[in-house]
Every structure is written in C-alpha cells, then in structure tokens.
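> There's a structure below that I have some questions on.
The values are calculated or read from the model by the stated rules, or taken from the named source; none is laboratory data. Predicted, not measured: the structure shown is a model, and the values here were computed from it. Counting neighbours? That spans all protein chains shown, and the Cβs are built from the backbone with ideal geometry, glycine included. What goes into the accessible areas is simple: the full protein's heavy atoms, side chains included, and nothing from ligands, DNA or RNA. Shrake-Rupley method; radii C 1.70, N 1.55, O 1.52, S 1.80 Å.
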Amino acid sequence: MAIEFNHTILSARDSRASAEFLAEMLGLSEPRRWGPFYMVRTDNDANLDYMDSQGELAPQHYAFLVGDAEFDAIFDRIRERKLTYWADPARRKPGEINDHDRGRGLYFEDLNGHLLEIITRPYGSGGWNP
C-alpha cells in the first residue's frame, strides 16, 4: 500500500463553526460529524478534523494547493468577509499576495488563529520569487 496523508486534528474553540468556516472558505463539502470531530474533507480525501479544546490554542499552519479558478473564488470570499491576508507566513506583507514558483499564494487565519495558506503551484515547482 502507498503511504498517503489521511488526516490531522485542529484544536478549536467551536469545532462546528471552525469546520464550517474552512469548508465555506475553500468551497468544500459541508463538514461531517464523527465522534468528537467535525471533519472537512479535501478533494484528495484528506480530512481536517476540528475538535473542541479548552484553554489556550497553539496556532498551526495548513497549506492547500488550489487551481487558479479556486484561488480566485477563495480570494473573493476573503475580501467579501474583509479578512486580513498576507503574502508571507510572518505576516509582514498585509493585503498582498505572493508569486512564488510562478503561481499565486496568500495566508489568512481561521477562527482559532490557525494560519491557512492557499497556493496555485507546489513549492519548488517553478523557482523562488522572494
């Protein structure tokens, strides 16, 4: 059997709202409930499982490879919601997108402060454009 990434667990203050936010922003199917999780499935069958957590949350980073049309749709939703976005993970370039690997990319936060990234080209596929 090939080795494939299957799922990860994201801590959330409100797992349902967080999963719904991610699914809506990325244009994915409605989250499913399974045990203590609200699961968002990507088009390559990987799950992001939101779980309610108490106390302080440690922000994580999650990157999604998307097509140009999907990027445009997600970017439109980010702007419609007036969400802050950045061209870089250090959040030094607000309101900008990057063009790494001859593609487009940006970062924005989910409801829990997790840093979400959308890119149209895999890193290393077309050269570095700092």
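> Between R121, R91, R102, which is under 23 Å from S18 (Cβ atoms), of a type outside the set (A, V, I, L, M, F, W, C) and open to solvent by 40 Å² or more (accessible area, probe 1.4 Å)? Give the derivation first.
Numbers: R121 fails: under 23 Å from S18 (Cβ atoms); R102 fails: under 23 Å from S18 (Cβ atoms).
Only one candidate passes the filter, namely R91.
> Can you find, within segment 1-52, the residue that is farthest from R81 (Cα to Cα) among those that are within 13 Å of the chain's Cα centre (by Cα) and of a type in the set (F, W, Y)?
Here the residue is Y50.
> Name the residues in segment 49-103 that are within 21 Å of F5 (Cβ to Cβ) and polar (S, T, N, Q), would you?
Matches in segment 49-103: Q60 only.
> Next up: Being touching a residue at least 24 places away in the same chain (Cβ under 8 Å), out of contact with any strand residue (DSSP E or B) (no Cβ under 7 Å at 6 or more places or on another chain) and of a type in the set (G, A, S) is the filter here; which residues of segment 59-80 pass it?
Hits for segment 59-80 are G67, A73.
> Applying the selection to segment 53-77, what residues are over 20 Å from G95 (Cβ atoms) and over 11 Å from the mean Cα position of the chain (by Cα)?
S53, Q54, G55, E56, L57, A58, P59, G67, D68, A69, E70
> Counting only residues that are open to solvent by 80 Å² or more (accessible area, probe 1.4 Å) and in contact with a helix residue (DSSP H, G or I) (Cβ under 7 Å, 6 or more places away or on another chain), how many does segment 57-76 have? Even if it seems obvious, please write down each step before you answer.
Start the filter on segment 57-76 by keeping residues that are open to solvent by 80 Å² or more (accessible area, probe 1.4 Å), which leaves 59-61, 65, 68, 70.
Then drop every residue that is not in contact with a helix residue (DSSP H, G or I) (Cβ under 7 Å, 6 or more places away or on another chain), which leaves none.
Residues meeting the conditions: 0.
> Oh, and also: State whether the residues of segment 9-32 include one that is under 30 Å from R79 (Cβ atoms), of a type in the set (V, I, T) and in contact with a Leu (Cβ under 6 Å, 6 or more places away or on another chain). First the steps, then the outcome.
The initial filter retains those residues of segment 9-32 that are under 30 Å from R79 (Cβ atoms), namely 9-32.
Imposing the further condition that a residue be of a type in the set (V, I, T) reduces the set to 9.
Within this subset, residues satisfying the condition of being in contact with a Leu (Cβ under 6 Å, 6 or more places away or on another chain) are none.
The answer is no, given that none of the residues of segment 9-32 is under 30 Å from R79 (Cβ atoms), of a type in the set (V, I, T) and in contact with a Leu (Cβ under 6 Å, 6 or more places away or on another chain).
> Just the residues that are farther than 20 Å from G126 by Cβ and at pLDDT below 95, please, taken from segment 82-100.
none
> When you scan segment 77-87, do you find a residue that is closer than 24 Å to S15 by Cα and surrounded by 19 or more Cβ atoms within 10 Å (Cβ to Cβ), even just one? First the steps, then the outcome.
Step one: filter segment 77-87 for residues closer than 24 Å to S15 by Cα, giving 77-85.
Applying the additional criterion that residues be surrounded by 19 or more Cβ atoms within 10 Å (Cβ to Cβ) yields 85.
Checked against the condition, which is being closer than 24 Å to S15 by Cα and surrounded by 19 or more Cβ atoms within 10 Å (Cβ to Cβ), segment 77-87 yields at least one hit.
> Of all the residues that make up segment 105-118, how many are surrounded by 15 or more Cβ atoms within 10 Å (Cβ to Cβ) and in a loop (DSSP other than H, G, I, E, B)?
We begin by selecting, within segment 105-118, every residue surrounded by 15 or more Cβ atoms within 10 Å (Cβ to Cβ); these are 105-112, 114-118.
From what's left, in a loop (DSSP other than H, G, I, E, B): 110-112, 114.
The total comes to 4.
> Another question about this same structure. What are the residues in segment 27-56 that are touching an Asp or Glu at 6+ places or on another chain (Cβ under 9 Å) and open to solvent by 60 Å² or more (accessible area, probe 1.4 Å), if any?
E30, W34, P36, N44, D45, D52
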